[in-house]
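Contents: one structure, followed by commentary.
The values are calculated or read from the model by the stated rules, or taken from the named source; none is laboratory data. Source: prediction; values computed, not measured. With ideal geometry, Cβ positions are generated from the backbone for all residues, glycine too; neighbour counts draw on all protein chains shown.
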Amino acid sequence: MKNVFIPAGDRGIGSELLEQLRIYGITVREVDGLGDVARLSASTGTGLFLVDAARIDREPAFVAEIGRIKETLGQALRILFYADRDDFESRLKTVRAGGEAFFQLPVDAVRLADRIDSLFNEKEAEPFRVLIVDDDPEQVEYNSEVLKRAGMMTSTATDPAQVIPLLIETKPDIILMDMYMPGCTGPELAGIVRQNEAFAPIPIIFLSVERDLEKQISAIRRGGDEFLEKPIKPEHLVSSVAMRAERTRAIRFYMERDYLTGLLNHTTLTDRLSNEVLRARRSGAVISFAKIDIDRFRGVNERYGHLTGDRILRSLSRLLSERLRRTDIVGRYGGEEFGVILPGADCRCAARLVDELRESFGRLSHRFEEVSFSLTLSAGIASYPDFVGPADMIEAADRALRKSKDLGRDRVSVESPTSLRYAIT
């Protein structure tokens, strides 16, 4: 649960901004006293307090009390300040008051929402997944327990032949591997893993009593990334695994993501659609694909500039990420077009979900200097098994999107195998 608070009656941040945050899925609560902030933050382990920086000079006792609460709660309470001016002295005061972020009024809703998410996601990040490969069951159990106590998820293999199936099943962030195992050495097993392109990015850490530098280098040359000598202190093992796993996730994230919006890029989105169609085919399930396009977006770029256009793209990407179901898969198809994969949703369910997004996007307010304006979006939807393959679904969704445009924009249309089924206005 995301606990975001402001002091009761403190609307310096603007009621319009609070409404924008609500559309993005973030509700800001007014609290009468700091005791509520402390209690709710402590009970959930996460709390974020939005404070007017003017209070630092105006109400030093109030700010001092916030500092005492933060000192007690630590990372369970994060403080963000906003102010009508941005200069060194203003920022210095907020840092001394425990602030972790600073925003100048008027605050950009997307930037604030992204910062709020980043602070909460530090707590909510998925645990690292580690595959431990060692023929010694006791060593496997010991290393597994050390990593589990550090909050990681582990899977184990004492037989090298189990590794490939486990890689497919568990999708680990990192492999911790013994160098010497009967029947297949660690370097040989690393070579087998590296033969599969899908597993090539996964780091392999060799863990062994081997101290011969030439042999260590040879093992790394065969496909390893790092060599740790046994015995190793638990804290060193945890640090080495965590650093490598974190780097792997970051690389994987940027390889799969669009640089501007943070959503899946075109290639990854279409690959995921292919996988979801195969899964639906095996299970007899339904799946829908939606193409979404911002209406008259070229005119926005021409009139207000590409930086404003980029902010709008980030705004829509955030709305898509927050307002759809957790099982839905969102990506930037290209330009101002976005794609959404909706597993388990037939065309009518998908149309309802996307139409709710259309309405929400239409309520967002965008700014350029002193000008405020709103935009609309159009969408087209196609479903499996109406269309049997991912390429067919994409083409059908594109036809439905064009139909939405032809009917006057700001609507969702659904395509059938023979003709356009219906449009939602």
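Listing for the model above:
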item	result
Members of segment 144-164 found to be part of a helix (DSSP H, G or I) and either modelled with pLDDT under 90 or over 29 Å from the mean Cα position of the chain (by Cα) (or both), listed by number	P160, A161, Q162
Residue in segment 139-166 that is surrounded by the fewest Cβ atoms within 10 Å (Cβ to Cβ), counting only those that are touching a strand residue (DSSP E or B) at 6+ places or on another chain (Cβ under 8 Å) and of a type in the set (A, V, I, L, M, F, W, C)	M153
Residue within segment 224-234 that is part of a helix (DSSP H, G or I), under 21 Å from P172 (Cα atoms) and modelled with pLDDT of 80 or more present	yes
Unmet criterion (only one of (1) in a helix (DSSP H, G or I); (2) in contact with a Lys or Arg (Cβ under 8 Å, 6 or more places away or on another chain); (3) among the small types (G, A, S)) for S315	(2)
Filter pass, D398 being out of contact with any Gly (no Cβ under 9 Å at 6 or more places or on another chain), acidic (D, E) and surrounded by fewer than 23 Cβ atoms within 10 Å (Cβ to Cβ)	no
Lone unmet requirement of (1) assigned by TED's automatic domain parsing to the domain that holds E16; (2) surrounded by fewer than 19 Cβ atoms within 10 Å (Cβ to Cβ) for L77	(2)
Condition broken by A101, with the remaining ones in (1) touching a strand residue (DSSP E or B) at 6+ places or on another chain (Cβ under 7 Å); (2) in a helix (DSSP H, G or I); (3) among the small types (G, A, S); (4) not assigned by TED's automatic domain parsing to the domain that holds L237 satisfied	(2)
Candidate set from segment 191-217 (those that are in contact with an Asp or Glu (Cβ under 9 Å, 6 or more places away or on another chain) and not in a loop (DSSP other than H, G, I, E, B)); member that is farthest from V133 (Cα to Cα)	Q216
Residue match in segment 287-298 (condition: β-branched (V, I, T), outside any helix (DSSP H, G or I), in contact (Cβ under 8 Å) with a residue 24 or more places away in the chain and not assigned by TED's automatic domain parsing to the domain that holds A379)	no
Those residues of segment 174-211 which are under 14 Å from F227 (Cβ atoms), of a type in the set (D, E, K, R) and in contact (Cβ under 8 Å) with a residue 24 or more places away in the chain, in sequence order	D178, E210
Filter result (loosely packed, with under 14 Cβ neighbours inside 10 Å, under 24 Å from the mean Cα position of the chain (by Cα) and assigned to a helix (DSSP H, G or I)) within segment 23-58	T44
Test for T94: is it touching a residue at least 12 places away in the same chain (Cβ under 8 Å), among the β-branched types (V, I, T), farther than 30 Å from F253 by Cα and not assigned by TED's automatic domain parsing to the domain that holds S43	no
Top-ranked residue of segment 257-294 - restricted to ones that are of a type outside the set (S, T, N, Q), over 16 Å from T327 (Cβ atoms) and crowded, with 19+ Cβ neighbours inside 10 Å, ranked as nearest to the chain's Cα centre (by Cα)	D258
Complete set of residues in segment 408-425 that are part of a loop (DSSP other than H, G, I, E, B), at pLDDT below 95 and surrounded by 15 or more Cβ atoms within 10 Å (Cβ to Cβ)	S416
When residues of segment 140-163 are limited to those that are among the hydrophobic types (A, V, I, L, M, F, W, C) and out of contact with any Pro (no Cβ under 7 Å at 6 or more places or on another chain), the one farthest from E126 (Cα to Cα)	A161
Test: S321 is more than 22 Å from the chain's Cα centre (by Cα), surrounded by fewer than 22 Cβ atoms within 10 Å (Cβ to Cβ) and not charged (D, E, K, R)	no
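Results for (1) under 30 Å from S372 (Cβ atoms); (2) crowded, with 18+ Cβ neighbours inside 10 Å, shown as yes or no for each residue.
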{"position": "V110", "(1), (2)": "yes, yes"}
{"position": "L131", "(1), (2)": "no, yes"}
{"position": "D136", "(1), (2)": "no, no"}
{"position": "I168", "(1), (2)": "no, no"}
